[in-house]
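Take a look at the structure below.
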Amino acid sequence: MARTKLYQVKDNRIRFKCEECEAKRTLSVPPNVRSRSVRCHKCGTFARCALNRRRHPRQQQAGKVTMILRGGREVAIDLHDISLKGVGVITGPGGGRMVSLKEEVHFKCSWNPKLFPSGRYVIKNIKGDRLGIQNVANRGWA
């Protein structure tokens, strides 16, 4: 089985292309599925498909960034991914407990000062040590 390839989902359908024989086919996918295995209708090889339902794709981004909380407290975090409308970050152990939903934060990046334009960022999701943060200036969730 080949490695996983990312496919964009539009209207619960993907455009599958076999890596071996280049055969193309449109497949329907259930609404809540994140990945699926597909057998090529021509050569019979299996392929693993990761399904992306986002309108604005995320870019994997790694690096240390400083997150500034409401009271001026600065916390060092790991940047995980970034998109047009939001940021995914990983805090240190127990870091998800120091913030709350809908809290406004700001970012400071020493290695790329233009990575985070001066804007408003609001915490939308807390899952353990991972935070999903929305760029409120762009309105919407990526």
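Laboratory data are not the source of any read-out in this text; all were calculated from the coordinates shown. Note that the coordinates shown come from a computational prediction; the quantities given were computed from them, not determined experimentally. Cβ: placed from backbone, ideal geometry, glycine included. Neighbour counts: every protein chain shown.
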³J(HN,Hα) across segment 8-23 via Karplus (A = 6.51, B = -1.76, C = 1.60, θ = phi - 60°), whole Hz, x for Gly/Pro?
7, 9, 10, 6, 6, 9, 10, 9, 7, 10, 5, 6, 7, 10, 6, 5
Each residue of segment 60-73 in turn: what ³J(HN,Hα) in whole Hz from Karplus with 6.51, -1.76, 1.60 and θ = phi - 60°, glycine and Pro shown as x?
5, 9, 10, x, 8, 9, 9, 9, 9, 7, 4, x, x, 5
Point-charge dipole on Cβ atoms (K/R +1, D/E -1) for the chain, about Cα centre, debye to 20:
560
Give the aspartates and glutamates whose C-alpha is closer than 19 Å to that of residue 127, dropping any in the same chain fewer than 8 places away, or say none.
78, 81, 103, 104
Using alpha carbons only: equivalent-ellipsoid semi-axes of segment 1-84, gyration tensor based, whole Å:
37, 14, 9
To the nearest 0.05, the calculated FRET efficiency linking residue 111 and residue 74 through their beta-carbon distance, R0 being 25 Å, is 0.95
Using a 7 Å offset from the Cα along the Cα-to-Cβ direction at both residue 60 and residue 20, what is the distance between the two label points in nm, to one decimal?
2.6
Net +/- balance of residues flanking residue 104 in space, Cβ distance below 14 Å, scoring K and R +1, D and E -1:
+4
With respect to the cross-link table entries 64/108; 85/108; 85/124; 10/124; 5/64; 5/114, which display a Cα-Cα separation exceeding 19 Å?
10/124; 5/64; 5/114
For the chain, the charge dipole (Cβ of Lys, Arg +1; Cβ of Asp, Glu -1; about the Cα centre) points to a positive end, and the Cα of 41, 66, 6 closest to that extreme belongs to 41
If you work out log10 I(q)/I(0) by the Debye sum over Cα atoms at q = 0.11 Å⁻¹ from the coordinates, which of (1) -0.46; (2) -0.54; (3) -0.40 do you get?
(2)
Which shape class applies to segment 59-138: rounded if a/c is under 1.5, otherwise prolate when a/b exceeds b/c and oblate if not, where a ≥ b ≥ c are the square roots of the Cα gyration tensor eigenvalues?
rounded
